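See below for the structure under consideration.
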Amino acid sequence: MARNANKSLQAKLVLLGDMGAGKTSLVLRFVKGQFSEYQESTIGAAFFTQVLSLNEATVKFDIWDTAGQERYHSLAPMYYRGAAAAIVVYDITSMDSFVRAKKWVREVQRQANSSLTMLLVANKADLEDERKVSNEEGEEYAKENGLSFLETSAKTAQNVNELFYEIGKRLAKAKSSHETGMRLHSRAGQDRGGLFCCA
Amino acid sequence: MDEEYDVIVLGTGLKECILSGLLSVDGLKVLHMDRNDYYGGESTSLNLNQLWKRFRGDDKPPAQLGASRDYNIDMNPKFIMANGNLVRVLIHTDVTKYLSFKAVDGSFVFNKGKVHKVPSNDMEALKSPLMGLFEKRRARKFFIFVQNYIENDPKTHEGMDLTRVTTKELIAKYGLDYNTIDFIGHALALHREDNYLSEPALDTVKRMKLYAESLARFQGGSPYIYPLYGLGELPQAFARLSAVYGGTYMLNKPECKVEFDEGGKVVGVTSEGETAKCKKVVCDPSYLPGKVRKVGRVARAIAIMSHPIPSTDDSHSVQIILPQKQLNRNSDMYLFCCSYTHNVAPKGKFIAFVSTEAETDQPAIELKPGIDLLGPVDEIFFDIYDRYEPVNEPSLDNCFISTSYDATTHFESTVDDVLNMYTLITGKVIDLSVDLSAASAAEE
Ligand SMILES: Cc1cc2nc3c(=O)[nH]c(=O)nc-3n(C[C@H](O)[C@H](O)[C@H](O)COP(=O)(O)OP(=O)(O)OC[C@H]3O[C@@H](n4cnc5c(N)ncnc54)[C@H](O)[C@@H]3O)c2cc1C
Ligand SMILES: Nc1nc2c(ncn2[C@@H]2O[C@H](COP(=O)(O)OP(=O)(O)OP(=O)(O)O)[C@@H](O)[C@H]2O)c(=O)[nH]1
Ligand SMILES: [Mg+2]
């Protein structure tokens, strides 16, 4: 088969949700296959890249995790800028986090470009005993707002890969590539000789 | 808020955000506040509604300009030298991963009433009407000398000590005429005034080399790059760096009053009745108006247009330098144009700026030579603002105040100010030289 049939795309993906909802845990589960009961509030690393190979395309995700700026309503607009997908996360054991998630959905609808794919994720599905937000409630809200909906557990890995595959598939279908700029890198430059010519 | 911080930073302009990022990475506990509900302070980029609010009060922008949020209009427009200090800081702090850049199409210079491309390769240099044929040969000899010049290799010095020989003497050796000198000094070495002629030539030679190296970096028609979505992305990227390392962010905090003890040393900052304690305050001049003095004024015009600037080969991003002598002024005038190709306007729209150090109180008249080059505009705004510098003694009050951006400022002085402030605050020096010449880019 022709190799170039498999296109490759780069996509910025942002995470939003209440403190402690499990944003970082979901990313670490997806990127590193790990889970920690004592995941610290995010400091120090909030940017991950991961390549996902699908039949229809190879997707390179730039994953932006929040870094606490949202705590005092001070998230920078650059966070949404050029994002191809947003994952809004809540914790099924906390009604507050569900209320916050709805606020984030509205905020993203207001701020982000219209082609953005948004998903609502109900995390900590392993804690069924402590559940405060029913599956139906989440699903219903997602439907009303045209969002995909998944219940996940970063702890048991339930639906975590499915979540990112779903996003990858949607982006491959949408195929609109967003940015066309360049990234600056730290590597030895190959100069093209002098400006002032000739010699 | 009632916690104790090592440093409270006030204002989210580029300088304050770079410092906040560097200090957080150092492990200091930083609280960063801004009285505005947006990032960037004076170095923000405004959408259309914000622009109208600032310059037109209650009027609403006309619908034919398109969606407000498709606009990112720099309040402190500049391009970034591809091999310059700002790029080194971006790489040093690894903030580059949050940003996307595009090369700037062209750099032009105003000469004898006309706009000419600053040649970016030998073909263009040969064709350029900026010099006659014989002058080109002389200039070429000079350029080759500059290109080969290595500061610590005397064999390349042709027997001259450039820390002593003045620029005027150096150029005289190559027999270049008045026009060529003006071009080299203002369009390549980016001098703002003519003092450089009587100063040691080393500085000018270094500036020319930087221009050439930056030009070589990205195969563009200019030595400049510019971020997608405007310069307002830069402070946000450094703010994110700070937050990732534990910095606390609060926008939309009214007042932000700096509190002092009897000895005049800073003890904290009060906003909305709560006081956060701190050992040091870092801020822009507007937060401590009693500790700064006015040093100048900038006149500028901001235009929204539906076409590129005429005579710039259809460049969708461009700088034009109008050297002072060409206008009979004391300071150079700058034209800057960006467009939808850098995502700062909707498709088909261009944003142009004309700026200069103000020499009168009438920006519309003073800026006319630049504005005349724009052609028809959809909308135009005029503005004059004051520039300030600190007059306090930071070792006595623990207040570290940045200097205002001057329209004629480039990122070099911005970065210099930041690095000096960093050293005053921490007693440490950042070595950017390791990253020198390492900036390259890959198409994504
Ligand atoms: C609206 C606008 C206004 C501008 N105003 C000016 C101006 O007033 N004067 C001007 O020369 N250029 C001006 N420029 C050009 C601007 O300076 C360049 O974009 C700048 O050189 C990029 O610097 P950098 O920090 O990226 O690289 P840097 O590393 O900072 O600068 C490159 C080197 O050139 C020297 N240099 C660069 N710019 C200047 C400068 N402005 N004055 C003195 N030395 C300089 C520095 O010493 C440095 O060594 C303006 C551009 C625009 C768009
Ligand atoms: N049982 C269970 N615990 C989880 C799950 N996901 C995350 N946690 C735990 O919930 C806590 C918070 O998770 P984080 O991933 O840090 O949450 P966050 O949304 O990144 O939080 P902030 O960075 O503070 O905004 C940690 O103790 C995790 O171990 C899950 O699916 N199941
Ligand atoms: Mg987290």
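The values are calculated or read from the model by the stated rules, or taken from the named source; none is laboratory data. Predicted model only: the values in this text are computed from it and were never measured. Note: ideal-geometry Cβ built from the backbone for every residue, glycine included; neighbour counts use all protein chains shown. Note: accessible area is taken over every heavy atom of the protein model, side chains too, but ligands, DNA and RNA are not part of it. Shrake-Rupley method; radii C 1.70, N 1.55, O 1.52, S 1.80 Å.
Sorting the segments A:56-65, B:231-240, B:261-270 by their residues' average number of neighbouring beta-carbon atoms within 10 angstrom, most packed first, yields B:231-240, A:56-65, B:261-270.
In the range B:118-215, a dipole from Cβ-located charges (positive for Lys and Arg, negative for Asp and Glu) runs towards its positive end, and of B:A189, B:A125, B:S214 it is B:A125 whose Cα lies farthest in that direction. Computed over the alpha-carbon atoms, the range A:2-183 gives an Rg to Rh ratio of 0.95, Rh here being the Kirkwood radius from the mean inverse distance. Averaged over the residues of A:63-74, the number of partner chain Cβ atoms lying within 10 Å of the residue Cβ comes to 6.
Specify the inter-centroid distance of the range A:5-27 and the range B:224-239, based on alpha-carbon positions, in whole Å. With the range A:5-27 and the range B:224-239 each reduced to a Cα centre, they are spaced 23 Å. In the protein assembly as shown, the alpha-carbon atoms span a convex hull of 185 Å³ per residue. The mean count of C-beta atoms from other chains within 10 Å of the C-beta of residues in B:208-221, rounded to a whole number, is 3.
Measuring with a 1.4 Å probe in the full set of protein chains, what accessible area per residue, in whole Å², belongs to the range B:184-264?
31 Å²
A viscosity of 1.002 mPa s and a temperature of 20 °C, combined with the Kirkwood radius over Cα pairs in Stokes-Einstein, give a translational diffusion coefficient for the range B:223-298 of 139 µm²/s. Specify which residue in the list A:Q10, A:Y79, A:N135 is farthest towards the positive end of the charge dipole of the range A:2-183, using unit charges on the beta carbon of Lys, Arg (+1) and Asp, Glu (-1), about the Cα centre. Of A:Q10, A:Y79, A:N135, it is A:Q10.
Against chain B, whose longest principal axis comes from its Cα atoms, helix B:233-244 is set at around 40 degrees. Solvent-accessible area per residue in the range A:2-183 equals 47 Å², computed with a 1.4 angstrom probe and all protein chains kept. Using a 1.4 Å probe over protein heavy atoms, the accessible area lost on pairing B with A, summed over both chains, comes to approximately 4600 Å². Averaging the sequence gap over all C-alpha pairs within less than 8 Å and six or more residues apart, then dividing by the number of residues, gives the range B:118-215 a relative contact order of 30 percent. Looking only at B:L241, B:L335, B:L197, which one moves most when chain B is put into a Gaussian network model with springs between Cα atoms under 10 Å? Taking springs between Cα atoms under 10 Å, the residue moving most is B:L197. Centroid-to-centroid, using Cα positions, the range B:62-136 and the range A:52-129 are 36 Å apart.
Here is how the number arises for chain B: DSSP H runs of 4 or more residues each give -39500 (n - 2.57), the sum is divided by the residue count, and the result at 222 nm is -7500 deg cm²/dmol. Averaged over the residues of peptide B:235-244, the number of Cβ atoms from other protein chains lying within 10 Å of each residue's Cβ is 5. Computed packing ranks the peptides B:387-398, B:349-360 as B:349-360, B:387-398, most packed first, by mean other Cβ atoms within 10 Å.
Heavy atoms only, probe 1.4 Å: what % of the accessible area of chain B goes to carbon and sulfur, would you let me know?
Ligands and nucleic acids excluded, carbon and sulfur give 50 percent.
Among B:273-284, B:18-29, the peptide with the highest mean count of other Cβ atoms within 10 Å heads the list, and the full ranking is B:18-29, B:273-284.
Can you give the FRET efficiency for A:K132 and B:T275, using 1/(1 + (r/R0)^6), R0 = 35 Å, r = Cβ-Cβ distance, to the nearest 0.05?
Plugging the Cβ-Cβ distance into 1/(1 + (r/R0)^6) gives 0.40.
The calculated FRET efficiency for B:Y178 paired with B:E359, based on their beta-carbon distance and R0 = 25 Å, is about 0.65. Across the accessible surface of the range A:2-183, with the other protein chains kept in place and a 1.4 Å probe, carbon and sulfur atoms take up 46 percent.
Put simply, the range A:99-179 fits an ellipsoid with semi-axes of 24, 17, 10 Å; these come from the alpha carbon gyration tensor as the roots of five times its eigenvalues, largest first. For GluC sites (Glu not before Pro), the sites in the range B:1-107 that DSSP calls loop and that have at most 13 other Cβ atoms within 10 Å are B:E3. For B:K325 and A:F47, what is the calculated FRET efficiency with R₀ set at 35 Å and r taken between the beta-carbons, to the nearest 0.05? Efficiency, from the Cβ-Cβ distance: 0.15.
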